[in-house]
Amino acid sequence: MPWVMGGWSSWDGNSSPTIVGDDMVLMQRGGGMEAFPLSLDVPTKQWHVPDHDCGTSALIYHGYVYTIGGGDYGKTSSIRCADLHTGKVTWAARTLPQGCSSPIAADGKIFGYVQFGKLLCMWKADPDQYTPLATAVVKADGYSSLAFADGHLFVRLPDGLACYDVTKTGNPGAVVVSAPRAKPANGETAARVLKFWQEKADQGDSYGQFHLGQHYLTGDGVEKDSAKARDLFQKAAAQGNKEAEAALQKLPQ
């Protein structure tokens, strides 16, 4: 497949491909944001969204694509959300200049930098509405990306490495500031998310099996069924999914 205006000499294609299951999203300066289903056949472009910054990698989370980028070399800074299946941009918002680090997601939240690593931000991973939640001054290396494990964020600084506990129990003295209340996901959006995980689980994808198991465990969009949840967790754990292994340990015997 062609790489539009790419190459190290021009610095026009800096992002990495983002893959979940059989879906791959690319960001190219000359081509915008594009999605391709992974296949051994000739690559077929699923959708195309023009004018996306190419410095950061796209984030795929619960069937939606989130991107944060711009501000470098006069480019517009923005955070956006698009439907993974259709490419439809569900919302877009202006942000402070960002840089080249890529966002990550955990616990229904998106973490990323603005101001070229000086400011760490947390947004709600909401396909219906842009909702900023919190910011913190960290002065990180603006070209590095965050890492997350067990409720901790790992941040690369210009002169070292820092670890931040972002759990509620790890911050007993923190003052919770109410954020603008986001509207709940509508029925159509919730159904699309559930269908997405069902399709992935049917394909044998461990990520899909784990998340579908979570739906059955909590009764989110389906009738609550702990036996089905356990079965899905076991299938995912058999493929090495650590989240599924942890979920199995928490289930009553």
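Would you confirm whether any residue within segment 108-122 is among the basic types (Lys, Arg) and either under 30 Å from residue 37 (Cβ atoms) or not assigned by TED's automatic domain parsing to the domain that holds residue 23 (or both)? Yes - at least one qualifying residue is present in segment 108-122.
Which of the residues spanning segment 81-107 are small (Gly, Ala, Ser) and under 21 Å from residue 16 (Cβ atoms)? Of everything in segment 81-107, those that are small (Gly, Ala, Ser) and under 21 Å from residue 16 (Cβ atoms) turn out to be 82, 87, 99, 101, 102, 105, 106. Screening segment 124-152 for residues that are part of a strand (DSSP E or B) and modelled with pLDDT under 90 and picking the one that is nearest to residue 87 (Cα to Cα) gives 132. Residues in segment 93-120 that are in a strand (DSSP E or B) and without any contact (Cβ under 8 Å) to a residue 24 or more places away in the chain were compared, and the one that is nearest to residue 60 (Cα to Cα) is 94. Quick one: in segment 45-56, which of the residues that are over 10 Å from residue 98 (Cβ atoms) and buried (at least 22 other Cβ atoms within 10 Å of the Cβ) is modelled with the lowest pLDDT? Only one residue tops the list, namely 54.
The values are calculated or read from the model by the stated rules, or taken from the named source; none is laboratory data. What you see is a predicted model; the values in this text were computed from it and never measured. Ideal geometry is used to build each Cβ from the backbone, glycine not excepted, and the neighbour counts take in all protein chains shown.
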